[in-house]
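All remarks here apply to the structure that follows.
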Amino acid sequence: MHQDSPTRAASRHVFVYGTLRRGQANDIMALQPAPAWVGRASVHGTLYDLGRYPGVVLGGTALVRGEVYEIAPALEEKLDEIEMIYPQQRDEYFKRELSVAVALDNGLVRWLNCLCYVYNPAYLGSAPVIASGDWVEAERLRSPNSPRNDRP
């Protein structure tokens with residue numbers, strides 16, 4: 001983590017897998033207060049293509065690829081707004097805490113408790129599965145020049 005990372009006592013970690021990933025429509029690195037990069041990670045679950053953004057349903061043997069960041073409470077509040085957790089209080093996404101093995105840039109692996117915004121399966125309908133478990137890869141294959149999403 002870099003030296004300008006959020007205050008350790010109040011910080012948390014978040015696993016992002018969709019439009020909040022680096023280079024995507026809602027790139028978390030463009031938000032304030034700035035998060036600190038921690039590493040790459042995967043969680044067990046199924047990734048669904050919901051059109052302009054993905055949703056993950058946890059469980060199973062498939063892996064969903066993403067990134068882990070250290071965030072301050074103020075940024076967590078912004079993420080809750082993006083995911084319509086608060087103040088809208090819709091139930092399309094739920095905020096969960098997971099234990100995630102994070103591949104650090106130095107080659108080590110560190111287990112961290114991470115927030116993850118998971119999709120409510122009641123809204124899936126006939127949404128297609130992203131078999132690779134990687135939203136960035138799926139977007140690149142679909143449309144190499146256009147991030148068309150506005151949600152994580």
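The values are calculated or read from the model by the stated rules, or taken from the named source; none is laboratory data. Fair warning: this is a prediction, and the values are worked out from it, not measured in the lab. Quick reminder, even Gly has a Cβ in these numbers, built from the backbone with ideal geometry, and neighbours come from all protein chains shown.
Just so you know, in segment 84-122 the residues that are closer than 15 Å to residue 53 by Cα and part of a loop (DSSP other than H, G, I, E, B) include one that is modelled with the lowest pLDDT, and it is 84.
What's the number of the condition residue 73 fails, among (1) out of contact with any helix residue (DSSP H, G or I) (no Cβ under 9 Å at 6 or more places or on another chain); (2) under 18 Å from residue 124 (Cβ atoms)? The single condition residue 73 does not satisfy is (2).
Summed over segment 47-75, the residues that are buried (at least 21 other Cβ atoms within 10 Å of the Cβ) and either farther than 17 Å from residue 128 by Cα or of a type outside the set (Phe, Trp, Tyr) (or both) give a count of 12.
Considering only residues that are in a strand (DSSP E or B) and of a type outside the set (A, V, I, L, M), look in segment 66-80 and name the one that is nearest to residue 54 (Cα to Cα). Among those residues, the one meeting the criterion is 66. With respect to (1) in a loop (DSSP other than H, G, I, E, B); (2) at pLDDT below 95, the lone exception for residue 131 is condition (2). The sole residue among 60, 45, 125, 51 that is over 21 Å from residue 30 (Cα atoms), modelled with pLDDT under 95 and part of a strand (DSSP E or B) is 60.
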